[in-house]
Protein chains: 2
Amino acid sequence: MLKKVYPRFVDALYQNGTLRSCIFATIHSESTHELVKALENKHLSAYVGKVNMNQNAPDKLIETTDASVSETIDFIEAIGESEYVKPIITPRFAPSCTSDLMHQLGRISNDRSIPIQTHLAETKREINWVKELFPDSKNYSYVYKDHQLYGEQKSLMAHTVYLSDEELEMAKNENVFLVHCPNSNLNLTSGVMPVTTCIDRGIQVGMGSDVGAGHKIGMNHTITCAIQCSKMRHVLNPEERILKESEAFYLTTKMNGRFFGKVGSFEEGYLFDALIIKDPDYLIDELTPLEQLQRFLYCGGPDSIIGRYLEGCRI
Amino acid sequence: MLKKVYPRFVDALYQNGTLRSCIFATIHSESTHELVKALENKHLSAYVGKVNMNQNAPDKLIETTDASVSETIDFIEAIGESEYVKPIITPRFAPSCTSDLMHQLGRISNDRSIPIQTHLAETKREINWVKELFPDSKNYSYVYKDHQLYGEQKSLMAHTVYLSDEELEMAKNENVFLVHCPNSNLNLTSGVMPVTTCIDRGIQVGMGSDVGAGHKIGMNHTITCAIQCSKMRHVLNPEERILKESEAFYLTTKMNGRFFGKVGSFEEGYLFDALIIKDPDYLIDELTPLEQLQRFLYCGGPDSIIGRYLEGCRI
């Protein structure tokens, strides 16, 4: 099954123009290796994490702490040689990891300079649960910080719908990336991240499709959904400003790209990543380049992408 | 231009499986006729309205009252013979029509038993504007009612994001259809219609793509967007329940179909309208029929529709 599903998933990334990604795989090493293979075969760049989870999950999805740690190390070492794929430490989220496991993952991350991705403050219920599970940590963000899983290495925190003021300040100071996944948050009835508030505070905000719960893999859909979500927040609170199209595009290209190095811009010194967009079905022939981009963002899909470049190579 | 654009628009309806529609054309008779022709050529069923607008619009989009009325009558009479297309009275919305024009449109509608479509309570600013423009009417809904444009004939009221309690009761008692257009409401920063509240009060609620401001023509996208929007309202007000998938599907098929007669269901006595769905790219081979439908709703598009039936004929 996984030899069938992962190549199709990777092909969907390719078709939709997502040439670099950060992926939560599963707790299973073998299948995670299949994902890595599929990405390499398609020449797509990615950070892939074998997920860690040793509590609060269905029995068949729970690892022992030792197995979780040793398989993580094995995965990191096996992936070491990959041209396209890099490992990323991926505790599913605080509630599914014991403190002991998180300490060991923090150590692996820092000893080997490996980045981190996890979930943070996606729902209110989850925040209360984390409080109960980790009463000694000051807040949810500190649960990760207390285990060296927050900001020591490059860190992606997915969702962050309900961060406290203190945690927003912390995200800024620790140079953590908050990842806005609007479609997923809507589908799971989580809420909507205050994305412009985060931007205006100088926090690094990236954009994610989270196809675990989001139903659209193309990042153009994430862009338009994020704009719609910010408009909804603006209706409720007119003081909170709307996410501009240009900003949403910037978050998805240059800001997301920052996690990969000098990526996501056509400025000098940046790796040349590019999509060539040509909508096959313009209703009106003469569109400006900006209008063509807008049409791609709102109505585009795989058929609108006629070329894909990663680090200067057509793929 | 319009001979080029309308056939492409109609083809997009066909490709996306919208075999019946209610369409606001423009104030221009000639182009509206082109739309009718395009629909007939493609064998799609529709109510088409020549839009009426004699005030509060850019100069080149304003008609005289006489021209607006006489062109409306001409359009209705010209369309009389069409097999697929029927006329619908279409005042753009109250602010763009004088009371005199609306009175005459109401008379045309009732003399000839022609249904009505217009906009209602889409934004708060518009509601205040209508209050200023029509101080003698009890509320926005009554502006139409006072001109025989509300409930005497089949009536579609698009958007209805901000109806008062009294107007909701009125919509129920007058058998008016409220048309939920969630993508459009998000894109225009209008707000979100309380769709489950309307359903639970026994009001007829239909679903619209409103491609004037909505960016997705496929009704499957309207369904998923409506569900997402209701989830958002639920987050803010947990007492307001979420729109179920089955309900959203029902609104889009049997409820929308009701406007066309015995349409939108496979029950005995109904016209046989159908789409045959077969996703070309299931990641998993064995999906139940419900799962296949869900996949179409969330991820489907023209490629997932391999057959289209209107009134028993494959088109």
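The values are calculated or read from the model by the stated rules, or taken from the named source; none is laboratory data. Since we're looking at a predicted model, the values are computed, not measured. Note: ideal-geometry Cβ built from the backbone for every residue, glycine included; neighbour counts use all protein chains shown. Note: areas computed on protein heavy atoms with side chains; ligands, DNA, RNA excluded. Shrake-Rupley method; radii C 1.70, N 1.55, O 1.52, S 1.80 Å.
According to the square roots a ≥ b ≥ c of the eigenvalues of the Cα gyration tensor, what is the shape class of the protein assembly as shown, taking rounded for a/c under 1.5, prolate for a/b larger than b/c otherwise, and oblate for the remainder? Cα axes put the protein assembly as shown in the prolate bin. For region A:61-88, the residues whose backbone nitrogen is under 13 Å from a point 7 Å from the Cα of A:C313, taken along Cα to Cβ, are A:82-85.
Solvent exposure of region B:236-310 amounts to 58 Å² per residue of accessible area, where only protein heavy atoms count and the probe is 1.4 Å. Taking the accessible area of region B:132-191, probe 1.4 Å, and keeping the other protein chains in place, the carbon and sulfur fraction comes to 44%. Per-peptide packing, taken as the mean over residues of other Cβ atoms within 10 Å, places A:55-65, B:69-79, A:202-212 in the sequence A:202-212, B:69-79, A:55-65 from highest down.
A 1.4 Å probe run over the protein chains yields, for region A:3-123, 40 Å² of accessible area per residue, whole-number rounding.
Oblate is the label for region B:95-179, because the ratio a/c of its alpha-carbon gyration tensor axes (a ≥ b ≥ c) is 1.5 or higher and a/b is not greater than b/c. For B:Y298, the accessible area of its heavy atoms, probed at 1.4 Å with every protein chain present, is near 40 square angstrom.
Distance between the C-alpha centres of region A:1-72 and region B:65-99: 58 Å, rounded to the whole angstrom. With every protein chain in place and a 1.4 angstrom probe, the accessible-area ranking of A:I277, B:I306, largest first, reads B:I306, A:I277. Computed from the C-beta positions of B:T65 and B:F266 and an R0 of 35 Å, the FRET efficiency is 0.15 to the nearest 0.05. Counting charges near B:Y6 (Lys, Arg +1; Asp, Glu -1) among other residues having Cβ under 13 Å from its Cβ returns a value of +1. Rolling a 1.4 Å probe over the protein chains gives A:F260 an accessible area of about 40 Å². Remark on region B:183-222: accessible area falls by at least 30 square angstrom from chain-alone to full-complex state for B:L186, B:N187, B:T189, B:H215, B:K216, probe 1.4 angstrom. Cross-link reach is defined here as a Cα-Cα straight distance under 18 Å, omitting same-chain residues fewer than 8 places apart; for A:K262 the lysines meeting it are A:K86, A:K154, A:K254. When the charge dipole of chain A is built from unit charges on Cβ atoms (+1 for Lys and Arg, -1 for Asp and Glu) and taken about the Cα centre, the candidate among A:G106, A:A67, A:Y270 whose Cα reaches farthest toward its positive end is A:Y270. Taking 14 Å as the cut-off, the amide N atoms of region B:86-127 that come nearer than this to a point 7 Å along the Cα-to-beta-carbon line of B:Q55 belong to B:92-104. Within region A:230-249, the residues that become at least 20 Å² less accessible when every protein chain is included than when their own chain is isolated (1.4 Å probe; DNA, RNA and ligands ignored) are A:K231, A:M232, A:V235, A:L236.
Note on region B:190-277: Cα-only Rg and Dmax are 13.8, 42 Å. Mind grabbing the accessible area of A:K231 for me, 1.4 Å probe, Å², rounded to tens? Probe radius 1.4 Å; accessible area of A:K231 about 30 Å². The mean number of Cβ atoms from other chains found within 10 Å of a Cβ in peptide A:68-80 is 0, as a whole number. Name the residue from B:Y84, B:F259, A:N41 whose Cα lies farthest towards the positive end of the charge dipole of the protein assembly as shown, charges +1 on Cβ of Lys and Arg and -1 on Cβ of Asp and Glu. Towards the positive end, the residue furthest out is A:N41. Each Cα pair under 8 Å and six or more residues apart adds its separation to the average, and for chain B the resulting relative contact order is 12 percent. Taking all protein chains as present, what is the carbon and sulfur share of the accessible area of region B:212-315, in % to the nearest whole number, probe 1.4 Å? Summing carbon and sulfur atoms, their accessible area is 56 percent of the total for region B:212-315. Helical content alone sets the calculated 222 nm signal of chain A at -12000 deg cm²/dmol, taking -39,500 (n - 2.57) per DSSP H segment of four or more residues and averaging over every residue. With contacts taken as Cα pairs under 8 Å and at least 6 residues apart, region B:17-174 reaches a relative contact order of 19 percent.
Return the aspartates and glutamates within reach of B:K172: Cα separation strictly under 14 angstrom, same-chain partners fewer than 8 residues apart disregarded; answer none if there are no such residues. Output for B:K172: B:E152, B:D200.
The residue list A:V143, A:V176, A:L133 was ranked by how far each Cα lies along the charge dipole of region A:132-189 toward its positive end, using unit charges on Cβ atoms, and A:V176 comes out on top. Using a 1.4 Å probe over protein heavy atoms, the accessible area lost on pairing B with A, summed over both chains, comes to approximately 2600 Å². Under a model in which nothing but the beta-carbon of Lys, Arg (+1) and Asp, Glu (-1) is charged, chain B shows a dipole of about 340 debye around its Cα centre.
Let me make sure I get this right: for region A:157-204, a, b and c are the square roots of the gyration tensor eigenvalues over alpha carbons, sorted descending. Under 1.5 in a/c it's rounded, otherwise prolate if a/b > b/c, else oblate. Which is it? Prolate is the answer for region A:157-204, as a/c is 1.5 or above and a/b outweighs b/c. The largest accessible area among A:H221, A:H43 belongs to the first residue in A:H43, A:H221, and the rest follow in falling order (1.4 Å probe, all chains). Among DSSP bridges having both ends in the protein assembly as shown, what percentage is antiparallel? Round to the nearest 5. If we restrict to bridges inside the protein assembly as shown, about 20 percent are antiparallel. Remark: region B:250-257, residue by residue, has Karplus-estimated 3J(HN,Hα) of 4, 4, 7, 9, 6, 6, 4, x Hz, where x stands for each Gly or Pro and the curve is 6.51 cos²θ - 1.76 cosθ + 1.60 at θ = phi - 60°.
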